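Here the structure is laid out as structure tokens; the discussion comes afterwards.
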Amino acid sequence: MSHDHPSGRRSFLRTVGVGVGMGAAVVGFDAGSRAWATQAVGAGAAPNDALPHLDGTLLTDPAALAPYADDFGHLVTGRTPRAVLLPGSVADICKMIRYCGPRGIDVAPRGQGHQCFGQAQVEAGLVIDMGPLAGIVVDPVRRTVEVQAGAVWSAVLDACLGHGLTPPVFTDYIELSVGGTLSAGGLGGAAQHHGAQVDTVLELDVVTGTGELVTCSATRHAELFDSARAGLGQVGVITRAVLEVVPARAHVRKYTLTYAEVSALTAAQRRVVRDGRFDWLEGAAAALPGGGGWQFQLEGAVYYDAVAPDDDAVIGDLGFQGTAEIEEFDYRGFVDDLAPAVAYLKSTGEWYDPHPWYDMLLPDAATDEYVAATMAGLSVGDIGPSGVVLLYPIPTGGLRTPLLRRPEGELVFLFAVLRTAAPDPGALPAAVMQEGNRELYLKAQAFGGTIYPVDSIPMSAADWRVQYGDRWDAFRAAKRRFDPHGVLTPGQGIFRETVS
Ligand SMILES: Cc1cc2nc3c(=O)[nH]c(=O)nc-3n(C[C@H](O)[C@H](O)[C@H](O)COP(=O)(O)OP(=O)(O)OC[C@H]3O[C@@H](n4cnc5c(N)ncnc54)[C@H](O)[C@@H]3O)c2cc1C
């Protein structure tokens, strides 16, 4: 949904996204039975703690709640909320958090539910489905886009392309919500030039754990800004973001180059990341036919308008094996190039299988040895036939958001083992894959690796402290300040034991 530029921000917030049924019921929380009680408006006295009237809808029907007790991972299921808010306005979110906080009712915002480990689930609490708040306004003069957090990135891309603009960084899959990726970080092949998506945020609106709507930026309520970006929903619900956009190029030429060894791939990646010849850079491991191990692929893309890149100048010095694969895309097709694979996996059903995902940022110096050893120990069966392994470098100079944790040093490597657990007899069960992920994690943690928290690695309280390192105390203080009731987004499992 795209909208013309509004006369003022507040009117935007009031008018956009009210696409759901108007509040038709008053629902109260009975503290005695810990049950939500529903009454028709005007049908006798409301319970003492009856909810305020809402612009949107509160779902309480068990059938409507069921999808919110699951997510893309299908590893954590059965944490059924008492209610789901389909907000008709940002005010609904404020009102519901004000209602839930003092009553100790947990609250979790949910974008597209594409986390893997119950991060947006909340047992017996309130899920806020951000989907209805999906307004998008492009300002071509300031080169910004103002988005409500429930908007998906594909819609943001389309709205921006209408003005010849684009957000600079996309995740590989773009049917994710803006709030969902900004709560994690948002990494992709353009992060080498622009940092993570959170590094492109100019301003946020956040509803804190006291139900207060606060506009924050690097210069205004900076503590909230720094703890909401990549803050995993711990200090508030992001409702609106103002993001930088850049001119979009018309065409993209993508090169896929093959290497036999991890170290040969990473050597080429270090070289190209240093000189910045690619606009977009990733890499992957691909299974050799016949179960004969892995080969490694550099994937680099050059964006252009009229003049196509000189292939020899781009890849001639990169020492790859065999023939380079060269593909042409229009810009939108490139950003959304995962779409055909997703459609295929949906058609086979594999998209709906459990996803025990492992996603780490590794220090440069440890990457070659660790990844080579890890891949030597993995077969296709260990990651599932539709599993994916990603490996690409990101210079840390652009990763400026404090809570997006990453190892020390000028360069880190994203290493992701994105497993799919097929239900077939004989296939490796999801629980065994998760144990494998945990072992891999502990090895990487020992040399300074940090999780990129879109995974399903079970984490102890001690692991979270290690993850946040010198930011732990500040994060904990922000949690206490902005979520004093300790009710926000418990599914991340970070503060439950430590915040009273
Ligand atoms: C196929 C696929 C490919 C992916 N590729 C990439 C990639 O290339 N790069 C990358 O960085 N990530 C990638 N991801 C991971 C993805 O970015 C995260 O899982 C993201 O959080 C999912 O967004 P969502 O809208 O589904 O969020 P949800 O799963 O709904 O929520 C994620 C977390 O954020 C919280 N949250 C949601 N909305 C808000 C909000 N408005 N305010 C505060 N907190 C909120 C939730 O409570 C939850 O804890 C991929 C995921 C999938 C499934």
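Structure notes:
- Residue-level analysis places Leu75 outside the set of residues that are more than 19 Å from Thr489 (Cα to Cα) and either assigned to a loop (DSSP other than H, G, I, E, B) or modelled with pLDDT under 95 (or both).
- Hey, Asp139 touching a residue at least 60 places away in the same chain (Cβ under 8 Å), surrounded by fewer than 21 Cβ atoms within 10 Å (Cβ to Cβ), touching a Ser or Thr at 6+ places or on another chain (Cβ under 8 Å) and charged (D, E, K, R) or not: no
- Condition check for Ala474: outside any loop (DSSP other than H, G, I, E, B) and in contact with an Asp or Glu (Cβ under 9 Å, 6 or more places away or on another chain): yes
- Hey, Val417 within 19 Å of the chain's Cα centre (by Cα), of a type in the set (Val, Ile, Thr) and part of a strand (DSSP E or B) or not: yes
- Lone qualifier among Val242, Val246, Val214 - being surrounded by fewer than 23 Cβ atoms within 10 Å (Cβ to Cβ) and farther than 30 Å from Phe482 by Cα: Val246
- Among the residues making up the stretch 254-284, those that are surrounded by fewer than 17 Cβ atoms within 10 Å (Cβ to Cβ) and closer than 25 Å to Tyr304 by Cα are Arg270, Arg271, Arg274, Asp275, Gly276.
- In the stretch 176-198, the residues that are more than 6 Å from the ligand (Cβ to nearest atom) and either outside the structural domain of Phe225 (by TED's automatic domain parsing) or not β-branched (Val, Ile, Thr) (or both): Leu182, Gly189, Ala190, Ala191, Gln192, His193, His194, Gly195, Ala196, Gln197
- Any hit, the stretch 300-317, residues being among the charged types (D, E, K, R) and loosely packed, with under 11 Cβ neighbours inside 10 Å: yes
- Among (1) among the acidic types (Asp, Glu); (2) in the same structural domain as Gly293 (by TED's automatic domain parsing); (3) within 14 Å of the ligand (Cβ to nearest atom) - the single one Asp483 does not satisfy: (2)
- Pro87 being at pLDDT 95 or above and farther than 16 Å from Gly491 by Cα: yes
- Residues that are among the polar types (S, T, N, Q), buried (at least 21 other Cβ atoms within 10 Å of the Cβ) and over 30 Å from Pro81 (Cβ atoms), drawn from the stretch 142-169: Thr166
- One residue alone among Val127, Val137 is within 19 Å of the chain's Cα centre (by Cα) and outside any loop (DSSP other than H, G, I, E, B), and that residue is Val127.
- On inspection, Gly381 passes the criterion of being out of contact with any Gly (no Cβ under 8 Å at 6 or more places or on another chain), away from the ligand (no atom under 16 Å from the Cβ), on the phi < 0 side of the Ramachandran plot and not in a loop (DSSP other than H, G, I, E, B).
- Selection from the stretch 470-500 of residues that are over 27 Å from Leu75 (Cα atoms) and loosely packed, with under 14 Cβ neighbours inside 10 Å: Asp470, Asp473, Ala477, Ser500
- Test: residue in the stretch 445-454 that is under 23 Å from Val127 (Cβ atoms), within 16 Å of the ligand (Cβ to nearest atom) and touching a residue at least 40 places away in the same chain (Cβ under 8 Å): yes
- Inspection of the stretch 205-219 identifies at least one residue that is among the charged types (D, E, K, R) and more than 12 Å from the ligand (Cβ to nearest atom).
- Given (1) closer than 28 Å to Gly195 by Cβ; (2) away from the ligand (no atom under 16 Å from the Cβ); (3) in a loop (DSSP other than H, G, I, E, B), index of the condition Gly319 fails: (1)
- Of Gly236, Gly231, all but one fail to be modelled with pLDDT of 95 or more, touching a strand residue (DSSP E or B) at 6+ places or on another chain (Cβ under 8 Å) and farther than 24 Å from Asp158 by Cβ; the exception is Gly236.
The values are calculated or read from the model by the stated rules, or taken from the named source; none is laboratory data. Because the structure is a prediction, the values reported are computed rather than measured. Here Cβ is always computed from backbone atoms with ideal geometry, including for glycine, and neighbour counts include all displayed protein chains.
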